[in-house]
1. Within the stretch 12-30, restricting attention to residues that are of a type in the set (A, V, I, L, M) and touching a residue at least 40 places away in the same chain (Cβ under 8 Å), which residue is farthest from LYS147 (Cα to Cα)?
2. Identify, from the list MET89, MET80, the residue that is over 21 Å from MET27 (Cα atoms), open to solvent by less than 80 Å² (accessible area, probe 1.4 Å) and over 15 Å from the mean Cα position of the chain (by Cα).
3. Please specify each residue of the stretch 1-36 satisfying the condition of being open to solvent by 100 Å² or more (accessible area, probe 1.4 Å), of a type outside the set (A, V, I, L, M, F, W, C) and within 23 Å of MET142 (Cα to Cα).
4. Of the residues ALA68, ALA7, ALA54, only one is of a type in the set (Gly, Ala, Ser) and out of contact with any strand residue (DSSP E or B) (no Cβ under 6 Å at 6 or more places or on another chain); which?
5. Any residue at all in the stretch 46-60 that is of a type outside the set (Val, Ile, Thr), open to solvent by 10 Å² or more (accessible area, probe 1.4 Å) and under 23 Å from LEU108 (Cα atoms)?
6. Take the conditions open to solvent by 30 Å² or more (accessible area, probe 1.4 Å) and within 25 Å of ARG188 (Cβ to Cβ) and apply them to PHE121. Does it pass?
7. What is the residue count in the stretch 190-202 for residues that are touching a Gly at 6+ places or on another chain (Cβ under 6 Å) and open to solvent by less than 50 Å² (accessible area, probe 1.4 Å)?
8. Considering the stretch 137-167 alone, what residues qualify as being under 21 Å from ASN112 (Cα atoms) and either modelled with pLDDT under 95 or not in a strand (DSSP E or B) (or both)?
Amino acid sequence: MRKLNRAYSVSNVLSKKFNTLEFSGEMEASLGKPDKAFSAIIWGGTTNGKTEFAIKFARYLTNFGKVAYNSLEQGVSATMQKALERNHMESCGNSFMLLDREPFEDLLIRMNKPKSPDFLFVDSVQYTRITKAQYYQLKELMLKKGKGIIWISQAKGKLPKGALADDIMFDVDLKLWVEGFKMFPDGRLNGGGEPFVIWAKRAAKFWNEIV
């Protein structure tokens, strides 16, 4: 006979302890205090600041564990080098690692290791060349290990580009739209909800604001 999953009472749920990330400052104002095993998607048009925000977010997450950033779209390039320099990523030491277009199968092996990174960025969805089933395979692995995963996507209009990116947007906890060097959060936020300014000077120029 097939064994059923456990059913939880209300008291069971209310007494359950989660591994909440103690975000503060601007990050807390935008994203609240998510569980460590959160999922997110960052998307936006080209030259609007989505990679810049992703790097800033990766840097912030090194306060809570090790971060791996799989650069499928840009790889180890001059553009990525400049983004890392702007955000002083050298100060993160061994808490941040850049993966150079690591294939999905190798990524699964890496994240399945006992001392795998605590957070994984995949940049971008369109360059993974994976199926929806493979997406869920990686998602379940990260959930099982209690680790966070952040997807980065190109945009078509104001939505993520492509069927897989669209499915991911509806599935993840945090939906982070980037436009004009601002990030606008939505989704299952534990607090937060305020826009995050990625690059003040460029955001001011785009939105005609006075800094």
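The values are calculated or read from the model by the stated rules, or taken from the named source; none is laboratory data. Just so you know, these numbers come straight off a predicted model, no measurement behind them. Here the Cβ is made from the backbone with ideal geometry for all residues, glycine too, and neighbour counts use every protein chain on show. Calculation scope for accessible area: heavy atoms of the full protein, side chains included, ligands and nucleic acids excluded. Shrake-Rupley method; radii C 1.70, N 1.55, O 1.52, S 1.80 Å.
1. ALA29
2. Checking each option against the conditions leaves just MET80.
3. Residues satisfying the conditions are ASN5, ARG6, TYR8, LYS16, LYS17, GLU22.
4. The unique qualifying residue is ALA7.
5. Yes, the conditions are met somewhere in the stretch 46-60.
6. Against the criterion (open to solvent by 30 Å² or more (accessible area, probe 1.4 Å) and within 25 Å of ARG188 (Cβ to Cβ)), PHE121 does not qualify.
7. Looking only at that region, the number is 3.
8. Passing the criteria: GLN137, LEU138, LYS139, GLU140, LEU141, MET142, LEU143, LYS144, LYS145, GLY146, LYS147.
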